[in-house]
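*Asks:* What follows is a structure written as structure tokens; I'll ask about it next.
Every number in this text was worked out from the coordinates using simple rules, so none of it is lab data. Values in this document were obtained by computation on a predicted structure and should not be read as measured data. Quick reminder, even Gly has a Cβ in these numbers, built from the backbone with ideal geometry, and neighbours come from all protein chains shown.
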Amino acid sequence: MTKKYSYTYEEYSQDTRSYEIASDVMLTEEEIQDIALGCSLTDGYTYEGGEAGKRFKATFKGTEFGDDSQTEYGGDEIKQTDEDGEEE
């Protein structure tokens, strides 16, 4: 069956993920990001690693979900309806 119409839908929002990182040594921004992204996105998850004298510990503190989502529609023409759902 060939579909007659094709659409896309994208939703954007601002979510904030928080991590806490402790390290035996000073870290670069890239190292901080790599360590943080090693965490599972489960509240309280702790990731530990590094070699002797260069140990680190990262804890995922949680996600604050944004409430200002934006949407975008694309593709073919979309059927228009009024407030009652009736076709215009």
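*Asks:* Can you list the GluC sites (Glu not before Pro) in the stretch 50-79 that are in a DSSP coil and have 15 or fewer other beta carbons within 10 angstrom?
*Replies:* Details: sites: E51, E64, E72, E77; in loops: E51, E77.
Loop-located and lightly packed - E51, E77.
*Asks:* Toward the positive end of the charge dipole of the chain, about the Cα centre and with charges on Cβ (Lys, Arg +1; Asp, Glu -1), which of G53, G74, A22 goes farthest?
*Replies:* With unit charges placed on the Cβ atoms, the residue in question is G53.
*Asks:* Where does the charge balance sit around Q80 when Lys and Arg score +1, Asp and Glu -1, over other residues with C-beta under 11 Å from its C-beta?
*Replies:* Numbers: positive: K79; negative: E77, D82, E86, E87, E88.
Here the charged neighbours net out to -4.
*Asks:* I would also like to ask the following. Could you compute the net charge surrounding T46? Neighbours are other residues with a C-beta less than 13 Å from the C-beta of T46; K and R count +1, D and E count -1.
*Replies:* Working: positive: R55, K57, K61; negative: E20, D43, E48.
Neighbourhood net charge equals 0.
*Asks:* Another one. Add +1 for every Lys or Arg and -1 for every Asp or Glu among the other residues with Cβ under 11 Å from the Cβ of F65, and state the total. Provide the component values of the computation, followed by the final result.
*Replies:* Values: positive: R17; negative: D15, E64, D67, D68.
Residues close to F65 contribute a combined charge of -3.
*Asks:* In debye, nearest 20: dipole of the stretch 20-66 around its Cα centre with unit charges on the Cβ of K, R (+) and D, E (-)?
*Replies:* Values: 4 positive and 10 negative charges, 34 e Å.
Roughly 160 debye, rounded to the nearest 20.
*Asks:* Assigning unit charges at the beta carbon (Lys, Arg +1; Asp, Glu -1) and nothing else, what dipole magnitude in debye, to the nearest 20, does the stretch 43-82 show about its Cα centre?
*Replies:* Details: 5 positive and 10 negative charges, 127 e Å.
The calculation lands at about 620 debye.
*Asks:* Translational diffusion coefficient of the chain at 37 °C, 0.692 mPa s, Stokes-Einstein with Kirkwood Rh over Cα pairs, in µm²/s as a whole number. Numbers along the way, then the final one.
*Replies:* On the way: Rh = 17.2 Å.
The Stokes-Einstein estimate is 191 µm²/s.
*Asks:* Suppose we flag trypsin sites (Lys or Arg not before Pro) only when DSSP calls them loop and at most 10 other Cβ atoms lie within 10 Å. Which is the longest uninterrupted stretch of the chain? Let's see the in-between values first.
*Replies:* Details: sites that count: K3, K4, K79.
The segment 5-78 is the longest one with no such site.
*Asks:* Please state the charge dipole magnitude for the chain, taken about the Cα centre, from unit charges on C-beta atoms (+1 on K and R, -1 on D and E), reported in debye and rounded to the nearest 20.
*Replies:* Numbers: 8 positive and 24 negative charges, 181 e Å.
Charge dipole, the chain, about its Cα centre: 880 debye, nearest 20.
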